[in-house]
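The values are calculated or read from the model by the stated rules, or taken from the named source; none is laboratory data. What you see is a predicted model; the values in this text were computed from it and never measured. When we count neighbours, we look across all protein chains shown, and the Cβ atoms used for this are built from the backbone with ideal geometry, even at glycine. Note: areas computed on protein heavy atoms with side chains; ligands, DNA, RNA excluded. Shrake-Rupley method; radii C 1.70, N 1.55, O 1.52, S 1.80 Å.
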Amino acid sequence: MKQFRMLINAADTIGHIEPEIYGHFAEHLGRCIYQGIYVGEDSPIPNTYGIRNDVIAAFRQIHMPVLRWPGGCFADEYHWKDGIGEKSARRKMINTNWGGVTEDNSFGTHEFMTLCELVGCEPYITGNVGSGTVQELSEWVEYVTFDGVSPMAELRRANGREKPWRLKYLGIGNENWGCGGNMRPEYYADVYRRYQSFCKNYSGNQLYRIACGPSCGDWHWTEVMMQNLNPTQTDAIALHFYSIPDWEHKGSATEFTDDEYYAIVESAAYMETLLQMHTQIMERYDPENRIALVVDEWGTWYDVELGTHPGFLYQQNTMRDAMTASLTLNLFNRHSRRVKMANLAQAVNVLQALLLTEGEKLVKTPTFHVFDLFKAHQGGDAVYCFTENAPLCEGKNVPMLSCSASVKDGVLTLTAANLSLHEEAEILCDVCNLDVSDVSARILTQEVHAHNDFDAPERVTIVPHPAALQNGKLHITLPPCSVTAVTLK
Ligand code: AHR
């Protein structure tokens, strides 16, 4: 067992944790939307307007704050008018990015906005810049948000929705450096400026406009965006980063060696460098912090499960994913001065999913439970939290412990992950500037390969964990491969 001292200063605020940092992403990809979220009103699977009730309840459980849709790469081929009106008359299309399957457009704007209403989360729509038109995106905003008399508002009413919805988050394209058009940043910056000009604030609705940001460590992209985008026209730029040590050999989601575990953790920990570097570039052009960094795609990416469609990106989810999720969410909290939203890829049945479904069965993954443990951070103030540390393993510049703390309504939440596979960590934590009389903790811990499946859906789940106050200090032991949330009040 290793011993570490930790220090939290509840009065030293380092950022505000927007709930949207705990956001999610649902693309028309594989079984994410169809089967995963949407089964249609005639399905025997219990549903509301065709949306699975078990999925709605699970999303509500973790207080999902925002959901990004319809892609991903899919967004830059999506024509929203194909997804409204009488379902049988909706135009079908090829989903060229994801398996070449037929997309029947039975889940479209009305279904997505209804899903968000049922979940109680903000909708985040990504518009088609790569193969769409300015007019098309401009009309989508009008259709969704305009309350008066106009062609799009009348069309919406004819489709059964009298009142407009509220739409805050609007993405102007997705990965326009790649699947969204293979553009250079100098070109995209101008395209962005043009598109955003015609996305208007109607009827009291205020758009938060998100430009395509860099892939991973493309500092040049961020530099050019910051040189060319105006804070009065741009609220954020969006970084994408997946934890994949080797694109050619991604490896199995469930069968891996200790070294492969360390490689994924090291890859996920690279998020810190990305946040620091992109933030530094942004700081030079925008010291007033008017343009945010959002990370609207992140997560682990492995080989698909044996026997599943290679284009559907269906992977299992183990304690390894819980560890990388907690490491990443702690980083977002710690960088919450500039990071205002993040969206895990993806919500159901795709990549680092929260939920897996098979027919009427549903499984909550270890990653889901991490979001449950961390939800108390939403809307809190991130505060100074420092821990002594040790290297996770030889040869990797990754610490064994990851932590962050926040205060909300006088209650302090500490989340701490022990990333080691073998070493216990005993923590003695000083908490300054908070009167503490009560402490409680909940933990997610199991052997690193452990996962939930349809036969054993509760194998990995949150349980209470002992924590005590010793002479005013928090005393807690973190088992290897564990994520703990401590509440102090
Ligand atoms: O999340 C899967 C894909 O990864 C998204 O469609 C794309 O934006 C990214 O490359």
From the phi angles alone, apply the Karplus equation (6.51, -1.76, 1.60; θ = phi - 60°) to region 258-263 and give each ³J(HN,Hα) in whole Hz, x where the residue is Gly or Pro. 4, 4, 5, 4, 4, 5
First compute the accessible area of region 18-379 with a 1.4 Å probe, then give the percent of it belonging to carbon and sulfur atoms. 49 percent
Sequence-separation-based contact order of the chain, relative, with Cα cut under 8 Å and 6+ spacing, percent: 20 percent
Which aspartates and glutamates, on any chain, are close to Lys163 with Cα under 14 Å apart, when same-chain ones fewer than 8 places away are left out? Glu117, Glu142, Asp147, Glu154
Taking R0 as 35 Å, what's the FRET efficiency between Asn289 and Arg5 from their Cβ-Cβ distance, rounded to 0.05? 0.65
To the nearest 20 debye, the chain has a Cα-centred charge dipole, built from +1 on Lys and Arg Cβ and -1 on Asp and Glu Cβ, of 1200 debye
The chain: calculated mean residue ellipticity at 222 nm from DSSP helix runs of at least 4, using -39500 (n - 2.57): -7500 deg cm²/dmol
What nm value, rounded to one decimal, do you get for the distance between Asn159 and Leu428 when each label is placed 7 Å out toward the C-beta? 6.3 nm
5 Å is the cut-off here: which amide hydrogens, built 1.01 Å from N in the peptide plane, fall below it relative to Glu297, excluding neighbours closer than 5 in sequence? Phe241, Asn343
Quick check on region 357-405: take the gyration tensor over C-alpha atoms, sort the square-rooted eigenvalues as a ≥ b ≥ c, and tell me if it's rounded (a/c under 1.5), prolate or oblate. oblate
From the Cα gyration tensor of region 223-317, with a ≥ b ≥ c the square roots of its eigenvalues, which class applies: rounded if a/c is under 1.5, or else prolate if a/b is larger than b/c, or else oblate? prolate
Give me the one-decimal Kirkwood hydrodynamic radius in Å for region 251-304, with the sum taken over alpha-carbon pairs. 13.4 Å
Charge dipole (region 187-276, unit charges on Cβ, about Cα centre) - positive-most of His220, Ala253, Ala263: His220
For the pair Thr461/Asp42, report the inter-label distance in nm, with labels modelled 7 Å from Cα in the Cβ direction. 3.6 nm
Show me, for region 395-400, the HN-Hα J-couplings you get by feeding each phi into the Karplus relation (A = 6.51, B = -1.76, C = 1.60, θ = phi - 60°), rounded to Hz, glycine and proline as x. x, 10, 8, 10, x, 6
Antiparallel DSSP beta bridges within the chain, percent to nearest 5: 55 percent
Report the local net charge at Leu275: Lys and Arg +1, Asp and Glu -1, summed over other residues whose C-beta lies under 13 Å from its C-beta. +2
For Lys408 and Thr477 in one chain, what is 0.36 nm times their gap in residues minus the Cα-Cα distance, to one decimal in nm? 22.4 nm
Shape of region 55-178 from its Cα gyration tensor (a ≥ b ≥ c, root eigenvalues): rounded if a/c is under 1.5, otherwise prolate when a/b > b/c, or oblate? rounded
If amide H atoms are modeled at 1.01 Å from N in the peptide plane, then the residues at a separation of 5 or more from Gly178, or on another chain, having amide H under 5 Å from its own are Met183
Fraction in percent of alpha-carbon pairs per bin - 10 Å, region 18-379: 5, 26, 36, 25, 7, 1, 0
Cα centroid of region 191-241 to Cα centroid of region 332-411, whole Å: 25 Å
Length gained if His79 through Gln470 is fully extended, taking 0.36 nm per residue and subtracting the Cα-Cα distance, is 134.7 nm
Placed amide H near Phe25: partners under 5 Å, 5+ positions off or other chain: Arg68, Leu344, Ala347
Can you list, by residue number, the Cys in the chain that have no neighbouring cysteine C-beta under 4.7 Å? Cys32, Cys116, Cys121, Cys199, Cys212, Cys216, Cys385, Cys393, Cys403, Cys429, Cys432, Cys481
Report the label-to-label distance for Ser203 and Glu255 in nanometres (one decimal), using points 7 Å from each Cα along the Cα→Cβ vector. 5.5 nm
In region 219-371, what % of DSSP beta bridges are antiparallel (nearest 5)? 25 percent
For region 18-39 and region 120-184, compute the distance between their C-alpha centroids and round to whole Å. 18 Å
Using +1 at the C-beta of Lys and Arg and -1 at the C-beta of Asp and Glu, which of Leu137, Ala11, Val66 has the Cα lying farthest in the positive direction of the dipole of region 1-148? Ala11
Can you tell me the length gained on complete extension of the stretch Arg166 to Thr279, counting 0.36 nm per residue apart and subtracting the Cα distance? 37.7 nm
Could you give each residue of region 403-412 its phi-based ³J(HN,Hα) in whole Hz, using Karplus coefficients 6.51, -1.76, 1.60 with θ = phi - 60°, and x for Gly or Pro? 8, 7, 9, 9, 10, 9, 6, x, 9, 9
Peptides 357-364, 341-348, 409-416: what's the order by average Cβ count within 10 Å, highest mean first? 341-348, 409-416, 357-364
Tell me the per residue accessible area of the chain using a 1.4 Å probe; a whole number in Å² is fine. 38 Å²
